[in-house]
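Heads up, the thing below is written out as structure tokens.
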């Protein structure tokens, strides 16, 4: 375990900008990640299947482009975002408990995978601090404070995700939101954010194009698509051919699940290998 204080040269510079930065940070894993360009992905604990799929796919695509994905290890969107990021890159979990108290318990394996795969788990709370309700809104300022932008995938009108977004706005961070059905309670919070000026996003490329310039010195250009596709992505490109196709056709040709296809299509779009419009996919190279 590593412990950083405000005077430590490795203390994350973005957190020093907060009006009340945490005086201590307890870290398990790679402490250097806390100073890397990060995007927070947050949302409802009681997420829809579509929301969980979006969280995984966006996290995987953004992590592949060089961003570290930061979230709160909660059930629902947080857990899906960590899981998606681990498929292609690194992730940071910010806890509302002491570093040695894993909450929720069902994320014990996820916690260990984050550390084992080169990520980090961080807390401002002393070891053995239990999951008091008031700790979680407090930790949300760290999630937003560490990040260049916050993506809210799904959120009810009264949710911790909106607290994180509000902190982000106060801290001068970019706030992004994925729109949803006007009939879904899961979309009420994201639609409220959009009314308040959050940026509407439909793909990971929307976020990468806005924040990707910050990665110029540490990762391939996320706009020019110079990263090679994954093995599954190459299979998908070959199955796609150069004629426009829809999702149903891709499922038939590849036998991949919709969730896997969604993730790989986002990666290919981010890499500049395909174009997407109105549910139709077109290979470009």
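The values are calculated or read from the model by the stated rules, or taken from the named source; none is laboratory data. Because the structure is a prediction, the values reported are computed rather than measured. Neighbour counts are summed over all protein chains in view; Cβ atoms, including those assigned to glycine, are modelled from backbone coordinates with ideal geometry.
Numbers for the structure displayed
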| quantity | calculated |
| --- | --- |
| Residues satisfying the stated conditions in the range 207-231, i.e. crowded, with 16+ Cβ neighbours inside 10 Å and at pLDDT 80 or above | 207, 208, 211 |
| Some residue of the range 7-27 being touching a strand residue (DSSP E or B) at 6+ places or on another chain (Cβ under 9 Å), under 14 Å from residue 91 (Cβ atoms) and assigned by TED's automatic domain parsing to the domain that holds residue 150 | yes |
| Conditions (1) within 20 Å of residue 104 (Cβ to Cβ); (2) surrounded by fewer than 21 Cβ atoms within 10 Å (Cβ to Cβ); (3) modelled with pLDDT of 90 or more; number of the one not met by residue 163 | (3) |
| Residue list for the range 250-260, filter: modelled with pLDDT of 85 or more, outside any loop (DSSP other than H, G, I, E, B) and crowded, with 16+ Cβ neighbours inside 10 Å | 250, 254 |
| Residues of the range 150-166 that turn out to be farther than 17 Å from residue 69 by Cβ and in contact (Cβ under 8 Å) with a residue 40 or more places away in the chain, as a count | 4 |
| Any hit, the range 75-89, residues being over 11 Å from the mean Cα position of the chain (by Cα) and closer than 19 Å to residue 190 by Cα | yes |
| Residue in the range 44-55 that is in contact (Cβ under 8 Å) with a residue 12 or more places away in the chain, over 22 Å from residue 209 (Cα atoms), in the same structural domain as residue 95 (by TED's automatic domain parsing) and in contact with a strand residue (DSSP E or B) (Cβ under 8 Å, 6 or more places away or on another chain) present | no |
| Hey, residue 97 in contact with a strand residue (DSSP E or B) (Cβ under 7 Å, 6 or more places away or on another chain), under 19 Å from residue 266 (Cα atoms) and touching a residue at least 12 places away in the same chain (Cβ under 8 Å) or not | no |
